[in-house]
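The values are calculated or read from the model by the stated rules, or taken from the named source; none is laboratory data. What you see is a predicted model; the values in this text were computed from it and never measured. Note that we place each Cβ from the backbone using ideal geometry, even for glycine, and neighbour counts take in every protein chain shown. The accessibility values were calculated without ligands, DNA or RNA, using every heavy atom of the protein model including side chains. Shrake-Rupley method; radii C 1.70, N 1.55, O 1.52, S 1.80 Å.
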Amino acid sequence: MTDSLKCEQVPYSALATEYGTPLYVYSQQAMAAALNQYQQAFASLQPLICYAVKANSNLSILRYFAQLGCGFDIVSGGELQRVLLAGGDAGKTIFSGVGKSKAEIEFALNNNIRCFNVESLAELERINTIAASLDKIAPISLRINPDVNAHTHPYISTGLKANKFGIAYQDALAAYQLATTLPHLKITGIDCHIGSQLTDLSPLIEALERMLLLVDKLAEQNIELEHIDLGGGVGIVYQNENVPDLAAYATAVSQLLSGRKLQLMLEPGRSLIGNAGGLLTTVEYIKQGEEKNFVIVDAAMNDLMRPSLYQAYHNILNTCPTTADEFVADVVGPICETGDFLAKDRTISAQAGDLLLIQSAGAYASSMASNYNTRCRGAEVLVNGTEHHLIRQRETVPDLLASEIACL
Ligand code: LLP
């Protein structure tokens with residue numbers, strides 16, 4: 001590697017010098033290209049693409065996707081506040097999640113969101129009651145658990161009977177019937193989300209087929225739907241995964257939806273931002289343990305939890321020209337846990353002071369970051385061509401302590 005390694009036209013080394021490390025770096029062009037792939041592949045269906053805010057909720061990222069025409073998939077009142085602050089359209093925002101609170105439902109209703117993806121009968125009743133108290137009609141879709149195996153990591157697989165998500169497939173008709181009796185609800189659609197980092201198309205298609213069977217049964221009972229929402233997007237390449245081809249996905253979906261008057265909605269997160277971002281980190285020490293070598297860097301599991309939590313692989317590049325020999329090492333952070341690692345048994349050439357780029361860290365990295373070990377969350381930078389903008393300041397210890405009270 002040479003230090004000409006760049007994000008668009010900006011050398012990573014210049015970004016690290018200006019903003020310090022750990023630093024999340026995002027390419028605006030890569031975000032636009034990823035969205036464009038969906039827009040092109042699904043063009044004939046004119047879907048509403050609702051970017052899943054949880055993947056990366058930085059206000060500038062949201063603003064950019066809003067400018068490109070995206071709606072948003074949110075899972076909390078906080079995420080809705082972000083969307084609104086970023087200039088997103090509430091009318092293109094859908095609210096998913098199993099545990100929406102009364103305050104969150106009120107907030108969403110008062111902002112006239114597009115629809116609630118409802119996950120239980122109790123939630124249907126709660127939304128109806130709150131809508132009545134506000135003298136509103138709440139648009140709802142039912143999230144159905146299609147009971148298909150998404151073949152992904154168990155923590156991010158959501159469409160199986162054993163998962164907490166959605167309304168059981170066999171209870172779906174009864175749930176829609178209940179919804180028709182609740183006067184402050186308007187049934188607008190049906191949705192499912194079977195999991196994340198999907199590397200196989202067939203479960204997505206199987207889920208759609210199962211949902212369409214339900215759509216037909218509902219039509220027999222005069223329950224007509226306006227939209228169908230297929231949940232999150234396809235997986236991305238972290239290492240050498242064979243990820244689904246969006247065009248093939250779109251073709252299969254078009255065939256299944258042809259002749260139906262259902263608006264398609266999609267909620268991709270990872271595939272719009274994951275490979276548009278990286279995490280820059282500086283090597284603090286090289287340590288030779290008795291059994292293993294360690295490359296100790298200034299980023300840690302609090303900055304990128306995915307390796308520790310899901311045994312996820314993230315490719316790591318050394319941005320500095322190096323003549324040092326390669327060796328096998330764990331790349332680890334300063335946190336006092338054995339589970340604090342960013343890579344295991346990685347062949348790498350690195351010395352203290354080198355700048356490493358942890359790739360594919362645009363999604364579920366900064367948005368899952370924590371302050372464990374009283375570590376300040378890293379800064380974030382958005383690159384566009386030769387320009388770069390700070391989109392989140394590095395936290396400071398006074399920021400972290402500001403909300404704490406030493407009462408004794
Ligand atoms: N819609 C719903 C209802 C979701 O729960 C999710 C992700 C998405 C859409 C977006 O899915 P995507 O297009 O990003 O696959 N922290 C984990 C991923 C958790 C995904 C949770 N739900 C990770 O780092 O792999």
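Points worth noting:
- Residue match in region 141-149 (condition: basic (Lys, Arg) and over 26 Å from Tyr364 (Cα atoms)): no
- Of the residues making up region 130-153, those that are touching a helix residue (DSSP H, G or I) at 6+ places or on another chain (Cβ under 9 Å), on the phi < 0 side of the Ramachandran plot and either away from the ligand (no atom under 16 Å from the Cβ) or open to solvent by 40 Å² or more (accessible area, probe 1.4 Å) (or both) are Ile130, Ala131, Ser133, Leu134, Lys136, Ile137, Ala138, Asn149, His153.
- Residue match in region 187-199 (condition: part of a helix (DSSP H, G or I) and either open to solvent by 10 Å² or more (accessible area, probe 1.4 Å) or free of Cβ contacts under 8 Å to residues at least 24 places away in the same chain (or both)): no
- On inspection, Ala30 does not qualify as among the hydrophobic types (A, V, I, L, M, F, W, C), within 24 Å of Gly378 (Cα to Cα), away from the ligand (no atom under 16 Å from the Cβ) and surrounded by fewer than 23 Cβ atoms within 10 Å (Cβ to Cβ).
- One residue from Asn117, Asn128, Asn112 being touching a residue at least 60 places away in the same chain (Cβ under 8 Å) and assigned by TED's automatic domain parsing to the domain that holds Asn163: Asn117
- Every pair of residues 6+ apart whose Cβ atoms lie under 6 Å, when the first sits in region 95-106 and is touching a residue at least 12 places away in the same chain (Cβ under 8 Å) while the second is assigned to a loop (DSSP other than H, G, I, E, B): Phe95/Ile113; Ser96/Val75; Gly97/Val75; Val98/Glu119; Val98/Lys164
- Restricting Glu104, Glu79, Glu123 to those that are within 16 Å of the ligand (Cβ to nearest atom), more than 19 Å from Ala365 (Cα to Cα), of a type outside the set (Val, Ile, Thr) and open to solvent by less than 40 Å² (accessible area, probe 1.4 Å) reduces the list to Glu123.
- Within region 62-76, if we keep just the residues that are farther than 25 Å from Ala250 by Cα and either out of contact with any Ser or Thr (no Cβ under 7 Å at 6 or more places or on another chain) or assigned by TED's automatic domain parsing to the domain that holds Arg126 (or both), the residue that is nearest to the ligand (Cβ to nearest atom) turns out to be Ser76.
Let's see how each residue does on (1) charged (D, E, K, R); (2) away from the ligand (no atom under 16 Å from the Cβ); (3) under 13 Å from Leu198 (Cβ atoms); (4) more than 15 Å from the chain's Cα centre (by Cα):
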position	(1), (2), (3), (4)
Gly232	no, no, yes, no
Ala247	no, yes, no, yes
Ser258	no, yes, no, yes
Leu266	no, no, yes, no
Asn275	no, no, no, no
Gly289	no, yes, no, yes
Asp298	yes, yes, no, yes
His314	no, no, no, yes
